[in-house]
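Q: Next up is a structure, given as structure tokens.
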Amino acid sequence: MKALNRVIERFCYKHRGFGIPRLMLYIVIISAAVFFIQMMDTTSTFLSLLLFSPERILHGEIWRLVTWIFIPLNNQLLFAAIMLYFYYFIGNTLEREWGAAKFTVYYIFGLLLNVIYGFLAWAIFGQIVYLAPNYLNLSMFFAFAALFPDQRILLFFFIPVKIKWLALVDAAFFAYSVISELFYSNILMALLPIIALLNFLVICGSDLLVHLRPLKSRSSAQAINFRRVAKKAERDRGDNAFRHKCAVCGKTDVDYPNLEFRYCSRCNGYHCFCLDHINKHVHF
């Protein structure tokens, strides 16, 4: 998974123009439109055209490869509105942090994993797994929590809660979904949450490891005079051509003149990072 993550990171860096800007906004708008059409369609004919069905896809209805991600999860207007806003908030934040390329890869990769699994279940066991967007969308919350574990949001618009605690609730929901499906002997459906977690681990496994590793206590940290250590670093650098070098990937401002570099105030010492690693590195 680590090697695949590096491949994805390299691809996104070299193809910054790849991706769909504001992808989650488009998904939310189309999902909202499907929700209102479903409310007016008492026979559910329209909704049946969007469901994932390998047999129908092989007969030419290829739109079903994608349209299942727009199917609403609840018929109640208030609940649907809250969930769509939540998905937009999380997706938009991830896109700002990663860029449109990596966020698009994350969502498409998750979609493809579900579609491949759906075809394998149908081809091997002869059972149609009706895919739903809930696990794919909720996996974005794990990615959000891996990047911003200590950020607080207002639960029910007035209860401040750290993201990492809500991520544990999300994990409990995934575990409950797996156990409940196994209880009803529906093993193929029980694997859907695991497919969503696989998508998260491949794309965001390195971000998660950063927060799982023990950090030094803040009490032992010493104040750093950045101006003094910057001058020392410049003296030590000598005649090297570059001024900035990422401590993770080794990229320099000479090799990548358009790449921005930042210095981490949480690291012990004077350590420079490129924009791809300033928010996801193991602190020194």
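Q: Taking Cα centroids, how far is the range 5-55 from the range 241-281 in Å?
A: Going from one Cα centre to the other spans 35 Å.
Q: Does anything in the range 50-79 have its amide N under 14 Å from the 7 Å Cα→Cβ label point of R22, and if so which residues?
A: none
Q: Defining a contact as two alpha carbons under 8 Å apart and six or more residues distant in sequence, what relative contact order in percent does the range 64-199 show?
A: Numbers: 107 pairs, mean separation 33.0, N = 136.
Relative contact order comes out at 24 percent.
Q: A follow-up question, please. Over 26 Å between Cα atoms, which of K245/K280; K164/K251; K251/K280; K102/K280; K14/K280; K102/K164 qualify?
A: Working: K245/K280 16 Å; K164/K251 31 Å; K251/K280 15 Å; K102/K280 14 Å; K14/K280 19 Å; K102/K164 22 Å.
Correct reply: K164/K251.
Q: Follow-up question, since we're still on this one. Please say if the range 2-212 is rounded, prolate or oblate, where rounded means a/c under 1.5 for a ≥ b ≥ c the square roots of the C-alpha gyration tensor eigenvalues, and otherwise the choice is prolate for a/b larger than b/c and oblate otherwise? Don't skip to the end; give the middle numbers.
A: Details: a/c = 1.39, a/b = 1.25, b/c = 1.11.
It comes out rounded by the Cα gyration axes.
Q: Order 110-122, 170-182 from most to least packed using the mean count of other Cβ atoms within 10 Å.
A: Working: 110-122: 18.0, 170-182: 14.3.
The most tightly packed comes first, giving 110-122, 170-182.
Q: Output the peptides 24-30, 40-46 sorted from most to least packed, where packing is the average of other Cβ atoms within 10 Å over each peptide's residues.
A: Working: 24-30: 16.7, 40-46: 9.1.
Order by mean packing, descending: 24-30, 40-46.
Q: Could I have the simple spin-label model distance between E55 and I116, label points 7 Å from Cα toward Cβ, reported in nm to one decimal?
A: In this crude label model, E55 to I116 measures out at 2.6 nm.
Q: Place the peptides 85-97, 134-146 in order of packing, highest mean first, counting for every residue the other Cβ atoms within 10 Å and averaging per peptide. All intermediate terms of the calculation are to be shown ahead of the outcome.
A: Values: 85-97: 17.9, 134-146: 23.0.
Per-residue Cβ counts within 10 Å, averaged per peptide and sorted highest first, yield 134-146, 85-97.
Just so you know, all these numbers are worked out from the coordinates, no wet-lab data involved. Every value quoted in this text rests on a predicted model; they were computed, and no experiment measured them. Quick reminder, even Gly has a Cβ in these numbers, built from the backbone with ideal geometry, and neighbours come from all protein chains shown.
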